[in-house]
């Protein structure tokens with residue numbers, strides 16, 4: 001029995017006699033939250049899409065220390081509405097054109113609720129067989145939809161795994177590549193390892209390399225230009241790798257991107273993989289943003305050449321409606337991951353694992369514990385297939401306005417609360433990014449957004 | 001507009017005309033899932049707690065490839081009941097005494113639903129100010145409840161962050177410690193860095209060290225014994241560190257544990273920190289399991305001496321009813337984390353970040369994207385305070401049976417489906433771990449479990 005300092009505890013209420021997981025109370029409160037969220041989606045366009053609060057706003061509204069008197073769910077929801085909602089930037093608003101969208105759907109939400117409700121921890125097969133087996137099945141399904149080479153699928157002795165985000169997926173693959181190379185040429189060479197990407201590659205890659213102990217001076221962000229639509233040129237890669245080899249360094253890892261953050265550039269996989277092969281490098285394809293689109297035959301060519309890569313990942317929470325977080329990673333050689341990431345403490349040993357007939361996903365990722373993410377990926381095609389494929393807004397839209405006033409223009413647009421966009425700088429040009437992809441977005445939102453841009457531009461240009 | 005291969009697509013149904021996030025359809029389906037889960041909690045004791053399926057069971061029940069015809073929610077829930085539930089090991093069952101529990105509650109579930117529903121990505125303050133601000137507030141609240149030294153709180157220039165699991169928290173701190181030391185003594189010394197823990201320490205620490213590039217030969221699992229109740233002895237630590245220093249190695253990091261996995265041992269923080277200080281090591285306190293209990297004054301002494309540590313973490317999803325995942329990490333020097341983990345690509349720059357007046361949690365963790373986890377931690381004390389504190393089952397219970405028959409006994413017990421326990425090996429003795437802590441557990445479940453143990457023991461002893 002635990003107790004709190006009695007100074008701080010005041011009167012009892014009825015709720016203290018109810019189990020924290022009482023099924024009937026769960027039912028009552030659960031229904032209330034569903035209604036709350038349904039109303040939120042109905043009304044989401046009424047809120048300023050970019051939150052208008054000032055730093056420190058919430059501290060002024062909440063108690064100074066942990067509340068000691070339980071509050072009814074009604075009061076808590078009122079607090080959420082009054083104090084939390086104004087501090088949200090509304091990622092589900094159809095007027096959100098910033099960053100890359102993080103899409104939701106009813107199906108994804110239901111999967112997440114089941115996952116949270118069961119609350120099983122599927123680190124090894126035995127800890128909840130369904131969690132592991134559903135995941136191996138759906139990653140193969142999705143791999144087939146993408147027409148990934150069979151060597152990336154369980155059915156072809158590769159395999160896929162669901163991670164939280166691309167950051168984790170890339171860290172896992174860099175660590176696997178690193179340890180493979182260290183075992184060949186000796187630990188003392190770690191300081192010489194080089195990781196390659198383009199200057200358009202997401203910062204996650206550089207961060208993962210740094211976490212893995214790669215010398216920060218040995219991350220190469222190879223320059224791209226308008227002439228290749230900001231894709232990484234195989235010639236530039238080869239020339240940089242040659243220089244590094246001459247300097248006594250060891251090429252380790254190349255990250256090629258399908259859909260870069262600033263410009264949605266597509267790196268040419270086939271020719272990049274050919275360069276990497278000449279030097280024994282691991283190639284990872286980061287298709288976080290654009291990968292989901294490649295289930296459509298007319299976009300599949302963007303990942304042509306993936307057969308030369310070692311690993312491939314995409315974020316289902318970007319265009320695949322699963323809600324955060326759900327990154328799908330496929331590797332050709334799961335044993336490379338497992339060699340780096342497995343642990344086998346006695347307290348986790350069991351017959352099924354010892355039999356080697358099951359997948360223990362704990363050895364495919366950074367963390368031990370893991371959520372039952374495959375439920376949402378499974379329910380999604382089951383519930384939504386045609387909606388997603390036929391109505392999915394899979395266009396790549398970008399706007400470039402290339403003068404200095406753009407900075408002011410973007411600030412003015414965003415402060416209006418009508419729409420939210422973000423920016424990038426490409427070859428020194430400040431670019432307003434207009435990313436379309438929110439689940440609730442319709443053509444009219446895009447048209448309205450364009451009107452907002454024009455109105456604010458007119459004001460700025462006329463002053 | 002994207003399209004799927006038309007070979008695979010058959011007839012339309014009405015669902016394809018509905019937005020994937022239609023508010024009224026969300027309401028209808030959401031209510032159905034709530035009822036499904038409420039029934040699941042009501043009936044959870046009816047299922048065998050350890051799943052009885054054989055490897056490969058699910059492949060036989062699901063289609064060979066992605067379904068292309070949308071199914072109504074009713075059919076999907078029927079599939080979940082028929083095909084997924086039998087493959088679950090029921091972590092929320094009151095008969096689950098295995099590993100460490102991963103606890104749920106209505107409040108934790110509601111928080112998770114709101115987080116999933118809003119689906120905001122709080123990597124930087126501007127991306128959803130409420131997500132960042134609520135987190136800074138609740139980690140300070142929880143830190144105060146634990147009576148952590150002020151130097152760990154935002155109010156004392158330290159600070160806390162919510163991560164997924166302890167694995168991530170430890171990896172972040174090892175990387176911060178590593179980079180701090182590298183900047184002092186040069187990158188070429190990475191190969192000499194040594195990480196210390198006890199032979200009872202969770203395997204997560206060794207894995208994190210390996211990911212961070214620490215030489216696998218330089219992880220020291222210092223032997224403990226019954227004489228110290230399997231706590232790490234400061235003398236053993238000092239003697240090992242001395243040996244390593246004499247051999248030209250560099251002591252980097254000590255992980256002390258409050259509540260080890262096999263034996264719930266408590267490492268003596270104060271004297272261990274004193275040893276670490278003599279050698280300039282970073283000390284992390286892993287209180288994943290037992291940390292939550294320390295909000296009770298009678299258990300607070302288990303973390304006496306934490307003031308000498310650099311960082312401290314606990315898993316709120318273990319004893320604090322938040323459901324997976326929610327690890328709280330506090331550090332005295334956030335700048336050490338930030339130096340190692342920050343990225344500032346142009347496309348994430350914004351005025352609020354540039355002002356340095358806000359916390360950007362992306363720089364406190366491995367990943368960029370992050371879920372709004374603080375909602376559940378906030379709702380929990382708001383909704384449940386007295387229930388948790390007054391009725392919380394915060395006892396540390398462990399069972400030790402020390403003969404060879406235990407292996408058979410445990411297998412026999414678990415296959416019954418009545419209860420689920422796991423094991424450990426301590427100083428060569430096979431121990432059945434009996435971990436009590438599931439949200440739904442009552443005294444009667446513990447009594448019944450003990451009867452099950454006795455019955456199976458009688459059968460095994462009489463054969």
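Coordinate-derived values only; no laboratory data. Note that this is a predicted model, so its numbers are computed, not measured. Here the Cβ is made from the backbone with ideal geometry for all residues, glycine too, and neighbour counts use every protein chain on show.
Annotations
- Between the beta carbons of residue A:81 and residue A:246, assuming R0 = 60 Å, the FRET efficiency works out to 0.45 to the nearest 0.05.
- For residue A:297, the point set 7 Å out from Cα toward Cβ sits 7.4 nm from its twins in the other copies, listed from shortest up.
- Under the shape rule built on the C-alpha gyration tensor, where the axes satisfy a ≥ b ≥ c, the range B:228-379 is oblate, since a/c reaches at least 1.5 while a/b does not exceed b/c.
- Estimated FRET transfer efficiency (residue A:298, residue B:227; beta-carbon r; R0 56 Å; 0.05): 0.20
- Whole-number percent relative contact order across the range B:110-380, with pairs defined as alpha carbons under 8 Å at least 6 apart: 29 percent
- Remark: C-alpha extents of chain B on the principal axes read 74, 74, 48 Å, sorted largest to smallest.
- Contour excess over end-to-end distance, with Cα ends at residue A:307 and residue A:43 and 0.36 nm allotted per residue: 90.5 nm
- Ordering of A:343-355, A:40-52 by burial proxy (mean other Cβ atoms within 10 Å per residue, highest first): A:40-52, A:343-355
- Sequence-separation-based contact order of chain A, relative, with Cα cut under 8 Å and 6+ spacing, percent: 23 percent
- Point-to-point label distance, residue B:151-residue A:278, nm (Cα→Cβ direction, 7 Å offset): 5.5 nm
- Distances between copies of residue B:246, taken at a point 7 Å out from Cα along the Cα→Cβ vector and listed shortest first: 4.9 nm.
- Among residues of chain A, the one whose Cβ lies closest to the rotation axis carrying chain A onto chain B, together with that distance rounded to whole Å, is A:213, 1.
- With 5 Å bins from 0: P(r) over the range B:162-267, alpha-carbon pairs, percent: 2, 13, 23, 22, 20, 12, 5, 2, 0
- The range B:87-198: radius of gyration over Cα atoms, expressed as a fraction of 2.2 N^0.38 Å: 1.42
- The range B:110-380 - Debye-derived log10 I(q)/I(0), Cα point model, q = 0.10 Å⁻¹: -0.49
- Equivalent-ellipsoid semi-axes for the protein assembly as shown (Cα gyration tensor, √(5λ), whole Å, largest first): 40, 33, 29.
- Virtual spin-label span in nm between residue A:425 and residue A:31, 7 Å along Cα→Cβ: 5.6 nm
- Shielding by other protein chains, B:322-333, mean Cβ within 10 Å: 2
- Inter-copy label distances at residue B:46, shortest first and taken from points set 7 Å along Cα to Cβ: 4.2 nm.
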